[in-house]
Amino acid sequence: MKLKKAFERKETKYTMDEPTFRAFQAELAEWLQVDEYGMHTIMSLYFDTPDFQMIRHSMEKPAYKEKFRIRSYGVPTMADTVFLESKKKIAGIVYKRRIPVKYQSCCEWLAGTGDFPGNTEAPQITRELQWLLAQYPQIAPQVMIAYDRLSYFYEADPGFRVTFDQRIRYRRENLDLQAGSAGSPVAPETAVLMEVKALGAYPLWFAQLLTKYRLHKSSFSKFALTYRRHLANQQAPIDRLKAEKGTAGSVFAETGFAAGTKTAAGSRRASYVRSSRTV
């Protein structure tokens with residue numbers, strides 16, 4: 001099967017408690033099937049500026065917003081494939097663009113010892129990701145968010161998918177994905193987050209299930225909620241931001257990706273400039 005690198009769809013979220021999830025899941029199974037991966041762990045390393053410019057802008061509900069992350073399905077080894085992803089939302093439609101790369105290449109890029117890990121089979125998406133990063137000179141890994149996901153697909157409509165995320169957790173320190181998915185709960189009161197991914201209207205039977213269980217749309221955003229509850233009060237003081245302007249090396253050093261005595265972020269930016277000229 002050819003790996004999908006671009007997605008365009010609406011994503012609607014609903015929260016539910018454990019008993020509701022069990023009952024809803026039992027009825028859902030009459031229509032949908034669990035995908036081949038079953039319950040699996042997703043780990044996402046979110047990037048932002050030291051003052052969280054990207055996520056703060058996103059929380060203002062603009063017509064256009066974007067995120068950048070490294071996503072891994074399970075704990076990666078250096079030889080495993082992970083995804084560099086941009087996620088943009090424009091007028092309610094989510095556009096996700098991603099390229100598969102080796103985790104080792106990501107680590108070398110973040111440590112300043114390698115170029116941006118582009119993908120020769122997806123040069124346009126590679127350029128788009130490079131352009132996004134260039135808009136935020138101080139961008140760096142800020143938080144790891146992980147959760148355990150169960151995904152369902154609908155044979156009658158491949159574009160309709162339903163996922164259930166549980167045990168949503170975050171980690172601010174030791175952002176190397178090889179350190180595992182352990183973290184602190186983002187929202188302990190939320191047992192299950194359901195995401196419905198579709199471009200068109202919901203199947204009638206699904207709309208009826210939502211009504212039966214009194215499920216309503218939620219604005220739950222994993223990164224935004226993590227920032228609001230756990231990171232907002234940890235922002236660097238403005239004096240520190242001014243002192244670090246143009247050199248975000250300390251941010252990379254704190255994540256565990258820095259290499260030797262080099263200024264990791266400065267090296268990464270330099271490598272980005274070199275690679276963007278050739279991709």
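The values are calculated or read from the model by the stated rules, or taken from the named source; none is laboratory data. None of the values given here were measured: they were computed from a predicted structure. So basically every Cβ, Gly included, is an ideal-geometry build from the backbone, and we count neighbours across all protein chains shown. Heavy atoms of the whole protein, side chains included, go into the accessibility calculation; ligands, DNA and RNA do not. Shrake-Rupley method; radii C 1.70, N 1.55, O 1.52, S 1.80 Å.
Things to note:
- Of the residues screened, SER151 is not one that is assigned to a loop (DSSP other than H, G, I, E, B) and open to solvent by less than 40 Å² (accessible area, probe 1.4 Å).
- Tally, over segment 168-186, of residues that are under 24 Å from PRO19 (Cα atoms) and crowded, with 17+ Cβ neighbours inside 10 Å: 3
- Any hit, segment 19-39, residues being at pLDDT 95 or above, under 16 Å from the mean Cα position of the chain (by Cα) and at negative phi: no
- Of the criteria (1) modelled with pLDDT under 90; (2) buried (at least 19 other Cβ atoms within 10 Å of the Cβ); (3) of a type in the set (A, V, I, L, M), which one ILE93 fails: (2)
- Qualifying positions in segment 103-117 - buried (at least 19 other Cβ atoms within 10 Å of the Cβ) and over 14 Å from ILE70 (Cβ atoms): GLY112
- Residue check for MET39: of a type in the set (A, V, I, L, M), open to solvent by 30 Å² or more (accessible area, probe 1.4 Å), over 19 Å from SER219 (Cβ atoms) and touching a helix residue (DSSP H, G or I) at 6+ places or on another chain (Cβ under 7 Å): no
- Tallying residues that are assigned to a loop (DSSP other than H, G, I, E, B) and open to solvent by less than 70 Å² (accessible area, probe 1.4 Å) within segment 187-222 yields 10.
- Candidates GLN138, GLN142, GLN208, GLN130 - the one that is of a type outside the set (Ser, Thr, Tyr) and free of Cβ contacts under 8 Å to residues at least 40 places away in the same chain: GLN208
- Unmet criterion (only one of (1) without any contact (Cβ under 8 Å) to a residue 60 or more places away in the chain; (2) in a loop (DSSP other than H, G, I, E, B); (3) within 20 Å of GLN178 (Cα to Cα)) for PHE83: (2)
- The set of residues in segment 154-184 being polar (S, T, N, Q) and part of a loop (DSSP other than H, G, I, E, B) consists of ASN174, SER181.
- Filtered residue count, segment 119-178, keeping only those that are over 18 Å from ILE70 (Cβ atoms), polar (S, T, N, Q) and touching a Pro at 6+ places or on another chain (Cβ under 9 Å): 0
- Residue selected from segment 55-79 under the condition open to solvent by 60 Å² or more (accessible area, probe 1.4 Å) and charged (D, E, K, R), by the criterion modelled with the lowest pLDDT: LYS61
- Test: residue in segment 144-159 that is aromatic (Phe, Trp, Tyr), at pLDDT 95 or above, out of contact with any His (no Cβ under 7 Å at 6 or more places or on another chain) and closer than 30 Å to ASN233 by Cβ: yes
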